[in-house]
Amino acid sequence: MLTPRERFTRCAFGQDVDKLPVQCDFSASGLQGFLASRGVDRVSDLELLPFFDNHVLYAYMDGVTLRLKTCDYRGEHIIYDEWGNGWDTTQDLMYCTEPLDSWEKLESYTFPDPDAAGYLDYTKRLISEGYARDLIVTSYHFCTLFERAYMLRGFENIMMDMLLESDKANMLLDKITDFHVKLAKRYIKLGVNCGRTVDDYGNQTNLMMSPEIWREFFKPRLKKIHDVYHDAGLPVIHHSCGNITLLMEDFIELGINVLNPVQPAALDVKILSDKYGDKITFFGGICNQTVLPTGTPEEVRAHVKKQTEILGAHGRFVIAPSNGVGKDVPLENVEAFFAAAEQYRQL
């Protein structure tokens, strides 16, 4: 019998597995609610392990990223991360400031240091306590390229920058890329066994930019980050919400092993599976926009079965919600997902 680490890694590389990997990630408030229902006060992914056969632990950067993921708000309404972005603690992962909304502010701006002391203490803990022996402990490149650029500049500003101020946009994106390349190298030295980048390129119906713009500004930079992990022989997960169908060939060319979250309300999972299911592993696919929050437990179970049959047709599927389960999902639907995932993961 394979360990979760072995199973996920083999699935990521398109190798045979004994059964499909499973994962249930939550938003911070969703996790807090679920754990409270089980009598657990501490908000942590580690506390979820006794309740479900999760395969992946995320090595969050210490500081605001870890605080956002564990509801460690300390009574503060806005908390500021190492990039100078403020985050509204009354909502899950909602930034609310743009520290470089004018280029004049660049002169006094200090980019964060990926080698800062204490920055990866949580990662060190996961490794030293042995979680990486049997589980996937993956890096967590939060808001990697496009997301960080628009959080710094503002969404409209960075979109216009790429068209009218390309030199400045390239300079900013190079700085952000350099940070993540160095961070990836540090993660590997500490002993993670997978890489993960987070950068949303799609909305509910299409890309947020043309494929040509994405290929010019983001594809080569994403490759630099992923190459650090691939050169170390590790698989790479890329998270991109929305309808990113037009980038699938590019993702495969980049060597992305696992695509998350595969939102069925935003794209056609049958087309994705038929065209690309033997070339990339899908991670997600269980709808948390409609089915999990509003369906009945019976509808949840039927949906898990259907999605697993479609997305798991080539054996490259991690059964998981299509984004973290929010506090709007009834507990009986979470339990229905747990049970159905366990039942239908058998190959």
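Using the Cα centre of the chain as origin and beta-carbon charges of +1 (Lys, Arg) and -1 (Asp, Glu), tell me which of Val181, Gln204, Val258 is placed farthest towards the positive end of the dipole.
Positive-most Cα among the choices belongs to Val258.
Using helices alone, what [θ] at 222 nm do you get for the chain, with -39,500 (n - 2.57) per DSSP H run of 4 or more residues, divided over all residues and rounded to the nearest 500?
-12500 deg cm²/dmol
With θ taken as phi - 60° and the coefficients 6.51, -1.76 and 1.60, list the Karplus ³J(HN,Hα) couplings across segment 248-265 in order, rounded to whole Hz; mark glycine and proline as x.
In residue order, the calculated couplings are 4, 4, 5, 4, 5, 4, 6, x, 4, 7, 9, 10, 10, x, 6, 7, x, 7 Hz.
To the nearest 20 debye, what is the magnitude of the charge dipole of the chain about its Cα centre, counting +1 on the Cβ of each Lys and Arg and -1 on the Cβ of each Asp and Glu?
Values: 36 positive and 50 negative charges, 196 e Å.
That gives the chain a dipole magnitude of about 940 debye.
Given R₀ = 35 Å, what would the calculated FRET efficiency be for Glu249 paired with Arg133, taking r from the Cβ atoms and rounding to 0.05?
Numbers: r = 36 Å, r/R0 = 1.03.
The computed FRET efficiency comes out at 0.45.
Taking 0.36 nm per intervening residue step and subtracting the Cα-Cα distance, what contour gain separates Thr110 from Lys175 on full extension? Walk me through the intermediate numbers first.
Values: separation 65, 0.36 × 65 = 23.40 nm, distance 1.08 nm.
Between Thr110 and Lys175, full extension yields 22.3 nm more.
Counting Lys and Arg as +1 and Asp and Glu as -1, what is the net charge of the other residues whose Cβ lies under 13 Å from the Cβ of Ile225?
Working: positive: Arg148, Lys182, Lys185, Arg186, Arg196, Lys219, Arg221, Lys223, Lys224; negative: Asp174, Asp178, Asp199, Asp227, Asp231.
Net of charged neighbours comes to +4.
If the only charges are +1 at each Lys and Arg Cβ and -1 at each Asp and Glu Cβ, what is the size of the charge dipole of segment 1-144 around the Cα centre, to the nearest 20 debye?
Values: 13 positive and 24 negative charges, 134 e Å.
It works out to roughly 640 debye.
Check which residues have an amide H placed less than 5 Å from Ile286's amide H, if you skip close sequence neighbours.
Residues meeting the criterion, in which the H sits 1.01 Å from N, are Ala320, Ser322.
As a quick test, which of the pairs Lys279/Lys305; Lys175/Lys219; Lys19/Lys305; Lys270/Lys306; Lys223/Lys279 have an alpha carbon distance above 19 angstrom in this structure?
Values: Lys279/Lys305 22 Å; Lys175/Lys219 15 Å; Lys19/Lys305 14 Å; Lys270/Lys306 11 Å; Lys223/Lys279 17 Å.
Violating the 19 Å limit, Cα to Cα: Lys279/Lys305.
Show the residues, 5+ positions off or on another chain, whose built amide H is closer than 5 Å to the amide H of Leu57.
HN-HN under 5 Å from Leu57: Ile136, Val137, Thr138.
Where Lys and Arg each count +1 and Asp and Glu each count -1, what net charge lies around Gly315 among other residues with Cβ under 14 Å from its Cβ? Please report the intermediate quantities before stating the final value.
Numbers: positive: Arg7, Arg10, Lys19, Lys279, Arg316, Arg345; negative: Asp16, Asp18, Asp278, Glu309.
Value of the local net charge: +2.
Given the C-alpha centroids of segment 98-172 and segment 279-302, what is the distance between them in whole angstrom?
Going from one Cα centre to the other spans 30 Å.
Compute the Cα gyration tensor for segment 291-334, then decide on rounded, prolate or oblate, letting a ≥ b ≥ c be the square roots of its eigenvalues: rounded whenever a/c is under 1.5, prolate when a/b is larger than b/c in the other cases, and oblate in all that remain. Could you put the intermediate results ahead of the total?
Numbers: a/c = 3.38, a/b = 1.73, b/c = 1.96.
In terms of gyration-tensor shape, oblate.
Hey, what do the phi angles of segment 238-243 turn into as Karplus ³J(HN,Hα) couplings, whole Hz, using 6.51/-1.76/1.60 and θ = phi - 60°, x for Gly and Pro?
10, 9, 8, 6, x, 8
Taking amide H atoms as placed 1.01 Å from N in the peptide plane, list the residues 5 or more away in sequence, or in a different chain, whose amide H sits under 5 Å from that of Thr281.
Amide H to amide H, under 5 Å and 5 or more residues apart or across chains, Thr281 pairs with Val258, Leu259.
Report the net charge of residues surrounding Lys185, where surrounding means a beta-carbon distance below 14 angstrom and charges are Lys +1, Arg +1, Asp -1, Glu -1.
-1
Ordering Met94, Met171 by accessible area with a probe of 1.4 Å, largest first, what comes out? Can you show the working numbers first?
Numbers: Met94 80, Met171 60 Å².
Ranked from most to least accessible, the order is Met94, Met171.
Over what distance in Å are the Cα centres of segment 1-69 and segment 224-252 separated?
20
Report for the chain the percent antiparallel among DSSP-assigned beta bridges with both residues inside it, nearest 5. Walk me through the numbers on the way to the answer.
Working: 6 of 28 bridges.
Expressed as a percentage, antiparallel bridges in the chain total about 20.
Order these peptides, 308-321, 202-215, 62-75, by their mean beta-carbon neighbour count within 10 angstrom, highest first.
Working: 308-321: 22.4, 202-215: 14.6, 62-75: 16.9.
The densest-packed peptide leads the list: 308-321, 62-75, 202-215.
Show me the helices of the chain, taken as full DSSP H stretches, that run 30 Å or more along their long axis by Cα and average -1.0 or above in Kyte-Doolittle hydropathy.
Values: long enough: 166-190 (36 Å, -0.29).
Span-like helices in the chain: 166-190.
For the chain, with a Gaussian network of springs between Cα atoms less than 10 Å apart, report the residue from Asp231, Asp268, Asp278 with the top mean-square fluctuation.
Asp231
In the chain, with Lys and Arg counted as +1 and Asp and Glu as -1 at Cβ, which of these residues, Ala336, Trp214, Trp83, has the Cα nearest the positive end of the dipole, that is, farthest along it?
The residue sitting farthest along the positive end of the dipole is Ala336.
Aspartates and glutamates within cross-link reach of Lys185: Cα-Cα under 17 Å, excluding same-chain residues under 8 positions apart?
Asp62, Asp113, Asp115, Asp121, Asp174, Asp227, Asp231
Using protein chains only and a probe of 1.4 angstrom, how many square angstrom of Leu347 are accessible, to the nearest 10?
120
For Tyr80 and Lys270, calculate 0.36 nm times their separation in residues minus their Cα-Cα distance, and state this gained length in nm to one decimal.
On the way: separation 190, 0.36 × 190 = 68.40 nm, distance 4.09 nm.
Once the chain is fully extended between Tyr80 and Lys270, it gains 64.3 nm.
First measure r as the distance between the Cβ atoms of Thr296 and Val40, then evaluate 1/(1 + (r/R0)^6) with R0 = 22 Å and state the FRET efficiency to the nearest 0.05.
0.25
Treating the beta-carbon of each Lys and Arg as +1 and of each Asp and Glu as -1, no other charges, what is the dipole magnitude of segment 216-347 about its Cα centre, to the nearest 20 debye?
On the way: 13 positive and 16 negative charges, 33 e Å.
Taking the Cα centre of segment 216-347 as origin, the dipole is about 160 debye.
The values are calculated or read from the model by the stated rules, or taken from the named source; none is laboratory data. Remember, predicted model here, so these are calculated numbers, not experimental data. Cβ coordinates were reconstructed from backbone atoms using ideal geometry, including for glycine residues, and neighbour counts include every protein chain displayed. SASA here: full protein model, heavy atoms, side chains in, ligands and nucleic acids out. Shrake-Rupley method; radii C 1.70, N 1.55, O 1.52, S 1.80 Å.
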